[in-house]
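One structure below.
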Amino acid sequence: MSFSRLLWKFAEIKRLSFARIRSKWFAVCGAAVGAKCLFGCKSRIDRPWTTKFGTRCVLEPDVWFDVVSDDAEIVVGDHVFIGRGTHLLISDGVSIGDHCLIGDGVVISDHKHNTFSGELIDGQGCSSDRITIGDGVLLCVGSVILQGVHIGEGAIVGPGAVVSQDVKPGSIVGSPPARMLGMREGNV
């Protein structure tokens, strides 16, 4: 084995070790973390006691669980991959099923700012509604999932799609705003 490969292998072992230690740190801070989870550098979980991770979850670097309420409930299933720079803004709750893949730069927000006329915008507060993402869902790079959305099992959300309505199981949605492009074939 060449010296450069040996160095790379050592760096990879170090990275994985720190990712495992980081997941243990969030568990100490109150998060329920399943076995063999890896949390990348600069990953951040505000109010970690509101989160529950299944086994073998991977958070790439710079993932931010921006939890704004102590009453929020975040449940991430088994074998979930969350890509670099993904931002979850959670007030009420989000549920992510097993075997989901979430691409880089995805935004998931379960609340929006109220816009009543005649009042100052900063005094209106927010309304929130839980988001549910089914098993085996793929959220491609840069997609945005908005409050109250239910994404069915096996669905695919295309790159840059803004999802503001429910997505049927097995469907493929894309382009802002999200619209149905077709159905997946096979057992879904």
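Please treat every number below as a calculation from the coordinates, not as lab data. Small disclaimer: the values here were computed from a predicted structure and weren't measured. With ideal geometry, Cβ positions are generated from the backbone for all residues, glycine too; neighbour counts draw on all protein chains shown.
Across segment 124-149, the number of residues qualifying as over 14 Å from the mean Cα position of the chain (by Cα), touching a residue at least 12 places away in the same chain (Cβ under 8 Å) and at negative phi comes to 4. Among the criteria (1) touching a residue at least 12 places away in the same chain (Cβ under 8 Å); (2) of a type outside the set (Phe, Trp, Tyr); (3) out of contact with any Leu (no Cβ under 6 Å at 6 or more places or on another chain), the one residue 182 does not fulfil is (1).
Filtering segment 91-119 to residues that are of a type in the set (Val, Ile, Thr) and either without any contact (Cβ under 8 Å) to a residue 24 or more places away in the chain or over 19 Å from residue 142 (Cβ atoms) (or both) leaves only 115.
Filter segment 96-123 down to the residues that are among the hydroxyl-bearing types (Ser, Thr, Tyr) and over 21 Å from the mean Cα position of the chain (by Cα) and list them by number. Walk me through it before giving the result.
Going through segment 96-123, the residues among the hydroxyl-bearing types (Ser, Thr, Tyr) turn out to be 109, 115, 117.
Selection gives 115, 117.
Among the residues of segment 33-50, are any touching a helix residue (DSSP H, G or I) at 6+ places or on another chain (Cβ under 9 Å), charged (D, E, K, R) and either within 20 Å of residue 93 (Cα to Cα) or outside any loop (DSSP other than H, G, I, E, B) (or both)? No; the residues of segment 33-50 include none that is touching a helix residue (DSSP H, G or I) at 6+ places or on another chain (Cβ under 9 Å), charged (D, E, K, R) and either within 20 Å of residue 93 (Cα to Cα) or outside any loop (DSSP other than H, G, I, E, B) (or both).
Evaluation of residue 66 against the conditions (1) out of contact with any Lys or Arg (no Cβ under 7 Å at 6 or more places or on another chain); (2) surrounded by 19 or more Cβ atoms within 10 Å (Cβ to Cβ); (3) touching a residue at least 24 places away in the same chain (Cβ under 8 Å); (4) of a type outside the set (Gly, Ala, Ser) shows that the sole unmet condition is (2).
Going by what's in this entry, would residue 4 be described as buried (at least 17 other Cβ atoms within 10 Å of the Cβ) and either out of contact with any helix residue (DSSP H, G or I) (no Cβ under 9 Å at 6 or more places or on another chain) or polar (S, T, N, Q) (or both)? Taking the combined requirement at face value, the residue does not satisfy it.
Would segment 74-87 turn up any residue that is of a type in the set (Ser, Thr, Tyr) and over 18 Å from residue 141 (Cα atoms)? Looking through segment 74-87, none of the residues is of a type in the set (Ser, Thr, Tyr) and over 18 Å from residue 141 (Cα atoms). Of the strands (runs of 3 or more DSSP E) contained entirely in segment 73-188, those carrying at least 1 residues that are buried (at least 16 other Cβ atoms within 10 Å of the Cβ) and charged (D, E, K, R) fall at 111-113.
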